[in-house]
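Single-structure report; data block below.
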Amino acid sequence: MLKKNAQPLSDAMSAFFDENSALRVKLAEHRVVRGWRDVLGEGVSKYTRDVYLSRKVLYVHLSSAVLRAELMMNKEGLIKKLNEHAEMTIIRDIVFR
């Protein structure tokens, strides 16, 4: 039976997340953490031990000092790419350990 107010699921989900901004932010935070491996690829993922987000700061534990130095030089670009991956501004800084 077709209802008169039927709409695509994507539109309903979009409206739901627009009304629940806290849930939308949490989902974007999850995308940032997951996006570390997606954006930077397998090469960096091999040397990454832990990635987590706390108070708009992304903490990344690396096992390679050379990679850490390289990523520190490209920190601003990484922040921009990860925020684009999350589709909103989530992180303001990255700390490499």
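Observations on the model:
Conditions (1) within 14 Å of residue 90 (Cβ to Cβ); (2) modelled with pLDDT of 85 or more, marked per residue:
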{"residue": "6", "(1), (2)": "no, no"}
{"residue": "12", "(1), (2)": "no, no"}
{"residue": "24", "(1), (2)": "yes, no"}
{"residue": "34", "(1), (2)": "yes, yes"}
{"residue": "41", "(1), (2)": "no, yes"}
{"residue": "44", "(1), (2)": "no, yes"}
{"residue": "51", "(1), (2)": "yes, yes"}
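- Flag set for residue 90, criterion: under 11 Å from the mean Cα position of the chain (by Cα) and touching a residue at least 60 places away in the same chain (Cβ under 8 Å).
- Residues (closer than 28 Å to residue 63 by Cβ, surrounded by 14 or more Cβ atoms within 10 Å (Cβ to Cβ) and either touching an Asp or Glu at 6+ places or on another chain (Cβ under 6 Å) or not β-branched (Val, Ile, Thr) (or both)) located in region 20-45: 28, 29, 31, 35, 36, 40
- Of all residues making up region 54-70, the number that are within 14 Å of residue 91 (Cβ to Cβ) and either buried (at least 17 other Cβ atoms within 10 Å of the Cβ) or of a type in the set (Val, Ile, Thr) (or both): 3
- Check on residue 84, more than 22 Å from residue 17 (Cα to Cα) and out of contact with any Asp or Glu (no Cβ under 8 Å at 6 or more places or on another chain): no
- Residues being within 30 Å of residue 18 (Cα to Cα) and of a type in the set (Lys, Arg) - total across region 40-74: 2
The values are calculated or read from the model by the stated rules, or taken from the named source; none is laboratory data. Just so it is clear, the structure is predicted and the values come from calculations on it, not from any experiment. No Cβ is skipped: glycine too gets one built from the backbone with ideal geometry, and neighbour counts run over all protein chains shown.
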